[in-house]
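The values are calculated or read from the model by the stated rules, or taken from the named source; none is laboratory data. Everything quoted here is computed from the prediction, not taken from an experiment. Don't worry about glycine lacking a Cβ; one is built from the backbone with ideal geometry, like all the others, and counts go over all protein chains shown.
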Amino acid sequence: MKHLLLFPIIFCTSLIFAQQTNETIDVGGTNRTYVQYLPTGFDVNTESLPVVMCLHGLGDVATNIANIGFNQIADTARFIVIYPQGLDNAFGNSSWANGTAFLSSTADDISFFNLLLNDLILNYNADATRIYSTGFSMGGIMSHKLACALNDRIAAIGTMSGTMSSEDFNNCTPAYATPVMHVHGTADGTVPYDGTALPTLELVEPTINFWRNVHGCGATSDSTQLPDTAADGYTVDRFVYQGCTPQASVELWRVNGGDHEYFFEPNNDFTEAVELWLFLRKWSHSNPATASIAKKEQQKLHIYPNPATSKFEIEMDEPFHLEIIDLNGNVVYSLDATDEKEMIDCQELERGVYFLKVTGLTERIVLQ
């Protein structure tokens, strides 16, 4: 499942950075990081927005998958986007604890996601009934796990080239019937569509059948072929299964001839981020869990912008001590902030990669 995918930047990148920040949260003594995107003009006092969590694949990074287009959709459709960063597995590849043999990490990812959702609900007024997960490859596999392990929080999932782990297939018993949209290429050489499954991983048909059974869907579906507008050699069939409760809650988008890749226009006949949002936005959780911690109990570190040029801003939940450390371990800058927010002038530092140590939390920053 290792497929280092460099996602195309579909939209003008100048729109991305004003609301995108690098965040750090403490999870049982481990620093976990993620990229957060708030839509343009977001007002926590007047808006209670849905949340889309978008998970990277094996060996990838959150900042890469943040380029697939959800940010620009969020600006007009009004939702918050979160791009969590997985921790390394035994082979040194960023991964998720999703139950797949060998490649899975041992991180406490479920606690990580729970704390993220608590923070978004309590501090950003996120709509607890409309929390969604999507992801590419291993990120898609993890989205299936979240639909099981956080069944009381996830309203719907949309998975890209990532099927269910056998562990979830055999043990998942969701009380809430999670709506599912799944996109997969039939020539996928990394996560097979059909044929011989990888160890501890299901193929597409068993994955779809699992969710069909959860929703009580029939075996038949309404099938539509998308207009073949792109010269990519692929065609796309959309299957919406009949008799589901609720209706149209299970969809399969089969990309005939498609490989292990992210599909986007004009290279392909559709853009996954767009179609996934059009599916996800239809669903609300009927009985979601509420946030279980007091506001600001979890320590958080905000950095903007990152990469930085001459200055960057640090924000914590309380006054903090800051150290900037170079790759040789030397402290090149230190500060005792008397406020929760501080603007750091980095013009005198050489361009390159540094580590920020802020009151027990550590984050990387790039000066360019």
_Qualifying positions in the range 306-344 - in contact (Cβ under 8 Å) with a residue 24 or more places away in the chain and touching a Ser or Thr at 6+ places or on another chain (Cβ under 7 Å)_ = MET316, PHE320, HIS321, LEU322, GLU323
*Would you mind finding the one in ILE68, ILE73, ILE82 that is closer than 16 Å to GLU23 by Cβ and in the same structural domain as TYR37 (by TED's automatic domain parsing)?*
ILE82
*Residues that are over 21 Å from GLY99 (Cβ atoms), outside the structural domain of ILE141 (by TED's automatic domain parsing) and of a type in the set (Lys, Arg): find the strands (runs of 3 or more DSSP E) completely inside the range 176-264 holding 1 or more of those.*
none
_Lone unmet requirement of (1) of a type outside the set (Gly, Ala, Ser); (2) part of a loop (DSSP other than H, G, I, E, B); (3) outside the structural domain of THR159 (by TED's automatic domain parsing); (4) farther than 22 Å from PHE79 by Cβ for PRO288_ = (4)
_I need every pair where a residue in the range 183-212 that is closer than 16 Å to ASN170 by Cα has its Cβ under 7 Å from the Cβ of a residue that is of a type outside the set (A, V, I, L, M) and surrounded by fewer than 15 Cβ atoms within 10 Å (Cβ to Cβ), sequence separation at least 6 or different chains._
LEU203/ASP194; VAL204/ASP194; GLU205/ASP194
*Regarding MET343, is this residue exposed (fewer than 12 other Cβ atoms within 10 Å of the Cβ) and of a type in the set (A, V, I, L, M, F, W, C)?*
yes
*So ARG78, is it touching an Asp or Glu at 6+ places or on another chain (Cβ under 8 Å), under 24 Å from ASP152 (Cα atoms) and surrounded by fewer than 19 Cβ atoms within 10 Å (Cβ to Cβ)*: yes
_the range 102-127, residues that are part of a loop (DSSP other than H, G, I, E, B), modelled with pLDDT of 95 or more and farther than 18 Å from ASP88 by Cβ_ = ALA126, ASP127
*Would you check if GLU47 is in contact with a His (Cβ under 7 Å, 6 or more places away or on another chain) and not β-branched (Val, Ile, Thr)?*
no
*Among strands (runs of 3 or more DSSP E) lying entirely in the range 308-359, which contain 1 or more residues that are among the basic types (Lys, Arg)?*
311-316, 341-345, 352-358
*Which one is surrounded by the fewest Cβ atoms within 10 Å (Cβ to Cβ), of the residues in the range 133-178 that are of a type in the set (D, E, K, R) and farther than 20 Å from LEU116 by Cα?*
GLU167
*Any idea how many residues of the range 102-127 are crowded, with 23+ Cβ neighbours inside 10 Å, among the aliphatic types (A, V, I, L, M) and more than 13 Å from the chain's Cα centre (by Cα)?*
2
